[in-house]
Amino acid sequence: MHKILIVEDEPDIGRVLQAYLTRAGFRVETATDGAAAMRRFDGWAPSLVLLDVMLPDTDGWQLLAWIRERGACPVIMLTAMSDLESRLTGLNGGADDYICKPFVADEVVARVQAVLRRSPFVVDGRVTAFGRLRVDFAAREVSLVGRPVPLAPRDMDLFLLFASHPNRTFGREELIAAVWGTDYEGSDRAVDLSVNRIRQALGDWPAEEGEIVTMRRWGYKFRVRH
């Protein structure tokens, strides 16, 4: 049974989420501040964290960074901030999804289930394996059957974004903003060219284990098997 840690300082929201997730078959623990969240995270080892951005003793971004230092546990951010910059802060920080308040509890349950379905196999706190492909996020290294995969810095940035959100579809504009920056003034063809270089570098990786898929008229998805 998957274990969900809810980090939310508003008791009413926390109780509603706990009730819906429990009804969906999850084991649920709650924390109302960052200190309690860290204790429960270390002592309980949740399968996924629902993390509010605004907490009384810290902010969700700092707690997200703390979680990422300890491993690849999926994290969904809960926030009243709906602007693109806030979403990119979460994604670039390693969040797996982003839900804006107010939300429908059934939608949160569905998003939790979706993130857990696409979560990859974690080898240890730093390295994630997709079949024979291994990604070391801390070291910014990618290897295939033990051999390094050479990627230019910008291509590595893009690939690490894909690899931290497997089976999620990204639009070209979203990728441009996240990797090239919101002030980038060039063509979104830069994304296509970077993806082509990554595909060439991963040419020996079997497609049945994973691949970067073009989503027509939209963008790309890093599709992997479980």
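The values are calculated or read from the model by the stated rules, or taken from the named source; none is laboratory data. In this text the structure is predicted, and so the values were computed from the model without any measurement. As a convention, Cβ positions derive from the backbone with ideal geometry for all residues, glycine included, and neighbour counts pool all protein chains shown. Heads up: the accessible areas ignore ligands, DNA and RNA and are worked out on the full protein's heavy atoms, side chains in. Shrake-Rupley method; radii C 1.70, N 1.55, O 1.52, S 1.80 Å.
Quick notes
- Neighbours by Cβ (under 9 Å, 6+ apart or cross-chain): first from segment 202-215, touching a residue at least 12 places away in the same chain (Cβ under 8 Å) and closer than 15 Å to GLY146 by Cα; second open to solvent by 30 Å² or more (accessible area, probe 1.4 Å) and not in a loop (DSSP other than H, G, I, E, B): LEU202/GLU211; ASP204/ARG147; TRP205/GLU211
- Check on LEU116, among the hydrophobic types (A, V, I, L, M, F, W, C), at pLDDT below 90, open to solvent by 20 Å² or more (accessible area, probe 1.4 Å) and more than 16 Å from PRO166 (Cβ to Cβ): no
- Any hit, segment 56-79, residues being of a type in the set (Phe, Trp, Tyr), at pLDDT below 90, over 23 Å from VAL109 (Cα atoms) and open to solvent by less than 60 Å² (accessible area, probe 1.4 Å): yes
- Only a single item in (1) surrounded by 13 or more Cβ atoms within 10 Å (Cβ to Cβ); (2) β-branched (Val, Ile, Thr); (3) modelled with pLDDT under 85; (4) outside any helix (DSSP H, G or I) is not met by THR128, and it is number (3).
- Segment 80-102 - residue that is assigned to a helix (DSSP H, G or I) and either open to solvent by less than 20 Å² (accessible area, probe 1.4 Å) or at pLDDT 85 or above (or both) and, of those, farthest from LEU51 (Cα to Cα): LEU88
- Condition met for ALA105 (modelled with pLDDT of 90 or more, surrounded by fewer than 19 Cβ atoms within 10 Å (Cβ to Cβ) and over 16 Å from the mean Cα position of the chain (by Cα)): yes
- Matching helices (runs of 4 or more DSSP H) fully within segment 135-226 where at least 2 residues are modelled with pLDDT under 90, closer than 28 Å to GLU69 by Cα and open to solvent by 30 Å² or more (accessible area, probe 1.4 Å): 153-164
- Qualifying position, being of a type in the set (S, T, N, Q) and touching a strand residue (DSSP E or B) at 6+ places or on another chain (Cβ under 9 Å), among ASN167, ASN196: ASN167
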